[in-house]
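No lab work stands behind these numbers, since they all come straight from the coordinates. For clarity, every value in this text was computed on a predicted model and none was experimentally measured. Neighbour counts run over all protein chains shown; Cβ positions are idealised from the backbone, glycine included.
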Amino acid sequence: MSTPQDFKQAPHKLLAIPGPIEVSDEVLFANAHPSMSHVSPDFVPVFGDCIRMTREVLYTKDAQPFLIAGSGTLGWDQVAANLVEPGENALVLHSGYFGDSFQDCLETYGAKVDQIKAEIGAAVSQEEIERALKTKKYKVLTFTHVDTSTAVLSNAKAIAETVRRVSPDTLVVLDGVCAVASEEIQIDAWGIDVVISASQKGLGTPPGLSIVVASQKAIKVFESRATPVTSYYASWKKWLPVMKAYEAGSPAYFATPPVNLIYAFHTSLTAITKSSPSLEERFKLHKAAAQRIRDTATELGLKQLPFDPAFAANGMTAIYYPDGIGAPDLLPRLAQKGVVAAGGLHTSIKDKYFRIGHMGVTAVDGQRGDIEKIVNSLRQSLAEAQASKL
Ligand SMILES: Cc1ncc(COP(=O)(O)O)c(C=O)c1O
């Protein structure tokens, strides 16, 4: 196989977990690019384009992308090591498992963290956020836009608005690992300071790339630190000149970028920002796919974790098993029908629910028939699981 048109990935089960997700043949083929030097004149503009297209996905003119080999977790490290100095206060909004992890990471770097915890299935209310911001000065507020353990979608625009109004110096940090490219995020218009993400979910690329985008305000806060950055690999002191150089068209080195993954990311970003459907249409297609899965769950008498559709993510769904059915009854049956779904993750209710991912090509490329396959397999598998208990 030597051209993208010839290339077809091997037959496989449909990966319908909330990341990693299915990637297109074009993206996978791009990942098979011959080995290239990371400082080659052919590679430099590819990296530069990825930086520019990442801005487009997040509706920002001048925020600074950092594309670094690593996973989404490295985004937490970047925030904790570059923007928070030891002893400073951070406020974490908890809408599921990933709020605890972000807190853990911030504390590892010496931050003093307060958490506001929403009940399972809800997001933290604006009133609670306002109250907390009025009682203490926080350097950063973090929230998980879509918590992958609960499928709860937080209202990013409203959170940023509350912070800007009540505590304008507090940096608004959005964990968008499970949201970027499946949920609308407008960095400039909404006043978000940092978005962290990763390649393997809505961005439709294999795992391995940490994607962080920091507003110029966040960069200034970083530049005016009183104490040294508390990480080596995650230090923006090292990475900022590298990102600026690649964007300006010349190579720079701190640590080797994942060259092949950058080619794959470039192909996916080109599809997302330069092709049909447009970015705006993509958000609508994710909403339509989510609605279809949610309607099916409701029709089957299944309850979802988010208890208000206003809190429900568009790139994934979290569904409680019906009484008497558990993961071993349902997930292997789905797999037999060629659909790989995920079990529960939220520690206190882990065995009570399962999760379906519907991001990227699965939601956007109707010709693949992925949503149809998920819905039909869910119907059949549930019927079989219930029949087996009679
Ligand atoms: C919301 C959220 N944040 C952070 C992470 C961590 O990302 P990674 O597993 O790529 O390190 C994940 C992983 O699924 C996630 O869903």
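The simple Förster model, with R0 at 41 Å and r as the Cβ-Cβ distance, assigns S250 and K389 a FRET efficiency of 0.05. Computed packing ranks the peptides 188-198, 280-290, 21-31, 37-47 as 188-198, 21-31, 280-290, 37-47, most packed first, by mean other Cβ atoms within 10 Å. Among the GluC sites (Glu not before Pro) in segment 29-138, those placed in a DSSP loop whose Cβ has at most 13 other Cβ atoms within 10 Å are E119. The alpha carbon centroids of segment 1-55 and segment 205-249 are separated by 24 Å. In loop segments of segment 1-93 as defined by DSSP, the trypsin sites (Lys or Arg not before Pro) with at most 11 further C-beta atoms inside 10 Å of their C-beta are K8, K61. Let me make sure I get this right: for the chain, a, b and c are the square roots of the gyration tensor eigenvalues over alpha carbons, sorted descending. Under 1.5 in a/c it's rounded, otherwise prolate if a/b > b/c, else oblate. Which is it? Oblate, because a/c is 1.5 or more while a/b does not exceed b/c. Ranking H358, G99, P65 by Cα position along the charge dipole of the chain, where only Lys, Arg, Asp and Glu carry charges on their C-beta atoms, puts G99 farthest toward the positive end. Which lysines have a Cα less than 20 Å from the Cα of K237, not counting those fewer than 8 places away in the same chain? Result set, ordered by chain and number: K139, K217, K220. Based on C-alpha pairs under 8 angstrom that are at least 6 apart in sequence, the chain has a relative contact order of 24 percent. Counting only DSSP H runs of at least 4 residues, each contributing -39500 (n - 2.57), and dividing by the residue count of the chain, the helix-based mean residue ellipticity at 222 nm comes to -12500 deg cm²/dmol. Listed by chain and number, the lysines whose C-alpha is less than 26 Å from the C-alpha of K389, apart from same-chain residues fewer than 8 away, are K303, K337, K350, K352, K373.
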